Amino acid sequence: MYVIETAGFQPDDIVKNGNQFTVGNGVFGYRGTLEEYRAEDLVQLTMGGVYDRRRDGFEEPVAFFNPLYTYLRIGGQILHPRRFPPEKHVQTLDMESGLHVRRTVFQVDGTDVSVTAERFLPAQETSMMVLRYRFSVNRAVDLELFTGIDTKVADGRGPHLDY
(Lines give C-alpha, C1' and ligand atoms only; values in the text may rest on other atoms or scores of the structure.)
Protein backbone atom coordinates (compact mmCIF):
# COMPACT_ATOMS: atom_id res chain seq x y z
CA MET A 1 0.00 0.00 0.00
CA TYR A 2 1.40 3.39 -1.03
CA VAL A 3 -0.03 6.02 1.28
CA ILE A 4 0.97 9.65 1.72
CA GLU A 5 -0.22 11.16 5.00
CA THR A 6 0.10 14.42 6.85
CA ALA A 7 -1.23 15.14 10.33
CA GLY A 8 -1.99 18.55 11.76
CA PHE A 9 -3.21 21.60 9.92
CA GLN A 10 -0.73 24.20 8.70
CA PRO A 11 -2.29 27.07 6.69
CA ASP A 12 1.03 27.72 4.94
CA ASP A 13 1.02 24.18 3.47
CA ILE A 14 -1.80 24.96 1.06
CA VAL A 15 0.39 24.76 -2.07
CA LYS A 16 2.35 21.70 -0.89
CA ASN A 17 -0.76 19.75 0.13
CA GLY A 18 -2.66 20.79 -2.98
CA ASN A 19 0.11 19.28 -5.10
CA GLN A 20 0.85 16.29 -2.88
CA PHE A 21 -2.76 15.07 -2.58
CA THR A 22 -3.88 15.61 -6.20
CA VAL A 23 -6.10 12.90 -7.71
CA GLY A 24 -6.71 12.23 -11.38
CA ASN A 25 -7.99 9.67 -13.85
CA GLY A 26 -6.48 10.68 -17.19
CA VAL A 27 -9.38 12.98 -18.03
CA PHE A 28 -9.83 15.07 -14.88
CA GLY A 29 -7.34 16.26 -12.32
CA TYR A 30 -8.34 17.71 -8.94
CA ARG A 31 -5.89 19.37 -6.56
CA GLY A 32 -5.62 17.97 -3.04
CA THR A 33 -7.43 20.87 -1.45
CA LEU A 34 -10.18 20.69 1.16
CA GLU A 35 -13.88 20.82 0.38
CA GLU A 36 -14.30 24.22 2.09
CA TYR A 37 -11.65 25.78 -0.12
CA ARG A 38 -12.32 28.25 -2.92
CA ALA A 39 -10.28 29.86 -5.69
CA GLU A 40 -8.19 31.92 -3.25
CA ASP A 41 -7.27 28.62 -1.57
CA LEU A 42 -6.00 27.30 -4.94
CA VAL A 43 -8.73 24.76 -5.72
CA GLN A 44 -8.38 23.54 -9.30
CA LEU A 45 -10.26 21.10 -11.46
CA THR A 46 -8.56 20.59 -14.82
CA MET A 47 -9.28 18.45 -17.86
CA GLY A 48 -6.57 16.68 -19.81
CA GLY A 49 -5.77 18.35 -23.12
CA VAL A 50 -7.60 21.62 -22.38
CA TYR A 51 -5.03 24.42 -22.47
CA ASP A 52 -5.01 28.15 -23.09
CA ARG A 53 -2.31 30.64 -24.03
CA ARG A 54 -2.26 34.08 -22.49
CA ARG A 55 -0.60 37.28 -23.73
CA ASP A 56 2.90 36.23 -22.63
CA GLY A 57 2.74 33.06 -24.70
CA PHE A 58 2.78 30.75 -21.66
CA GLU A 59 0.43 27.79 -22.14
CA GLU A 60 -1.28 26.22 -19.11
CA PRO A 61 -4.20 23.92 -18.27
CA VAL A 62 -7.57 25.66 -17.99
CA ALA A 63 -9.17 25.46 -14.53
CA PHE A 64 -12.91 24.79 -14.36
CA PHE A 65 -15.66 25.40 -11.82
CA ASN A 66 -15.32 23.43 -8.57
CA PRO A 67 -18.13 20.85 -8.38
CA LEU A 68 -17.14 19.59 -4.89
CA TYR A 69 -17.53 22.80 -2.88
CA THR A 70 -18.94 21.82 0.53
CA TYR A 71 -18.86 23.34 4.01
CA LEU A 72 -20.62 23.37 7.37
CA ARG A 73 -21.90 26.32 9.36
CA ILE A 74 -22.65 26.10 13.06
CA GLY A 75 -23.84 29.02 15.16
CA GLY A 76 -23.15 31.44 12.31
CA GLN A 77 -19.53 30.23 12.08
CA ILE A 78 -18.37 28.72 8.76
CA LEU A 79 -16.02 25.86 9.56
CA HIS A 80 -13.18 26.76 7.20
CA PRO A 81 -9.82 25.44 8.47
CA ARG A 82 -7.88 28.54 7.40
CA ARG A 83 -10.21 30.83 9.35
CA PHE A 84 -11.30 28.51 12.17
CA PRO A 85 -8.32 26.29 13.10
CA PRO A 86 -9.23 22.63 13.64
CA GLU A 87 -8.39 20.66 16.77
CA LYS A 88 -7.25 17.66 14.68
CA HIS A 89 -6.63 17.19 10.99
CA VAL A 90 -5.28 14.30 8.89
CA GLN A 91 -5.06 14.11 5.10
CA THR A 92 -4.14 10.94 3.21
CA LEU A 93 -3.79 9.76 -0.36
CA ASP A 94 -3.75 6.06 -1.15
CA MET A 95 -1.80 6.08 -4.39
CA GLU A 96 -2.79 2.52 -5.28
CA SER A 97 -6.55 3.20 -5.20
CA GLY A 98 -6.40 6.96 -5.89
CA LEU A 99 -8.48 7.68 -2.77
CA HIS A 100 -8.03 11.04 -1.05
CA VAL A 101 -9.31 11.17 2.55
CA ARG A 102 -9.40 14.01 5.03
CA ARG A 103 -10.48 13.81 8.66
CA THR A 104 -10.91 17.07 10.54
CA VAL A 105 -12.24 17.84 14.02
CA PHE A 106 -13.40 21.34 14.91
CA GLN A 107 -14.46 22.48 18.37
CA VAL A 108 -17.18 25.14 18.42
CA ASP A 109 -18.48 26.36 21.79
CA GLY A 110 -18.03 22.96 23.42
CA THR A 111 -19.28 20.99 20.41
CA ASP A 112 -16.96 18.60 18.60
CA VAL A 113 -17.70 18.57 14.88
CA SER A 114 -15.99 15.75 12.97
CA VAL A 115 -15.73 15.89 9.17
CA THR A 116 -14.61 13.00 6.99
CA ALA A 117 -14.47 13.41 3.22
CA GLU A 118 -13.34 10.87 0.65
CA ARG A 119 -12.90 11.57 -3.04
CA PHE A 120 -11.67 9.76 -6.10
CA LEU A 121 -11.89 10.01 -9.86
CA PRO A 122 -12.70 6.54 -11.25
CA ALA A 123 -10.46 5.35 -14.08
CA GLN A 124 -13.25 3.04 -15.31
CA GLU A 125 -15.83 5.84 -15.56
CA THR A 126 -13.84 8.93 -16.46
CA SER A 127 -16.87 11.23 -16.60
CA MET A 128 -17.43 10.84 -12.84
CA MET A 129 -16.03 12.51 -9.75
CA VAL A 130 -17.00 10.91 -6.44
CA LEU A 131 -17.21 12.72 -3.10
CA ARG A 132 -18.45 11.13 0.11
CA TYR A 133 -18.82 13.79 2.80
CA ARG A 134 -19.77 12.80 6.33
CA PHE A 135 -19.98 14.76 9.55
CA SER A 136 -20.97 14.13 13.15
CA VAL A 137 -21.40 16.19 16.30
CA ASN A 138 -21.15 15.17 19.96
CA ARG A 139 -24.34 16.97 21.03
CA ALA A 140 -27.52 18.40 19.54
CA VAL A 141 -26.85 21.67 17.68
CA ASP A 142 -28.22 23.65 14.76
CA LEU A 143 -25.88 22.93 11.89
CA GLU A 144 -26.16 23.78 8.19
CA LEU A 145 -24.59 21.86 5.31
CA PHE A 146 -23.86 23.78 2.12
CA THR A 147 -22.79 22.08 -1.09
CA GLY A 148 -22.76 23.02 -4.74
CA ILE A 149 -20.68 24.25 -7.64
CA ASP A 150 -18.31 27.10 -6.82
CA THR A 151 -18.00 29.32 -9.88
CA LYS A 152 -14.90 31.14 -8.62
CA VAL A 153 -11.94 29.73 -10.55
CA ALA A 154 -8.28 29.68 -9.53
CA ASP A 155 -6.64 30.75 -12.78
CA GLY A 156 -2.86 30.65 -12.70
CA ARG A 157 -2.31 33.26 -15.37
CA GLY A 158 -5.93 33.57 -16.48
CA PRO A 159 -8.73 34.22 -16.58
CA HIS A 160 -9.34 31.54 -19.16
CA LEU A 161 -13.12 31.19 -18.96
CA ASP A 162 -15.30 34.16 -19.83
CA TYR A 163 -18.47 33.87 -17.79
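The values are calculated or read from the model by the stated rules, or taken from the named source; none is laboratory data. For clarity, every value in this text was computed on a predicted model and none was experimentally measured. Quick reminder, even Gly has a Cβ in these numbers, built from the backbone with ideal geometry, and neighbours come from all protein chains shown. All accessible areas refer to the heavy atoms of the entire protein, side chains included, with ligands and DNA or RNA removed. Shrake-Rupley method; radii C 1.70, N 1.55, O 1.52, S 1.80 Å.
With a 1.4 Å probe and every protein chain left in place, work out the accessible area per residue of the chain in Å², rounded to a whole number. Walk me through the intermediate numbers first.
Values: 9100 Å² over 163 residues.
Dividing the accessible area of the chain by its residue count gives 56 Å².
Note down the magnitude of the dipole of segment 15-155 about its Cα centre, charges +1 on Lys and Arg C-beta and -1 on Asp and Glu C-beta and zero elsewhere, to the nearest 20 debye.
Here the size comes out at about 160 debye.
Can you say what percent of the DSSP beta bridges in segment 9-163, counting only those with both residues inside, are antiparallel? Round to 5.
In segment 9-163, approximately 100 percent of DSSP beta bridges are antiparallel ones.
For segment 1-157, report the convex hull volume of the alpha-carbon atoms normalised per residue, in Å³, without decimals. Intermediate results must be reported in sequence, preceding the final value.
Working: hull volume 19.3 nm³, N = 157.
Given the Cα convex hull of segment 1-157, per-residue volume reads 123 Å³.
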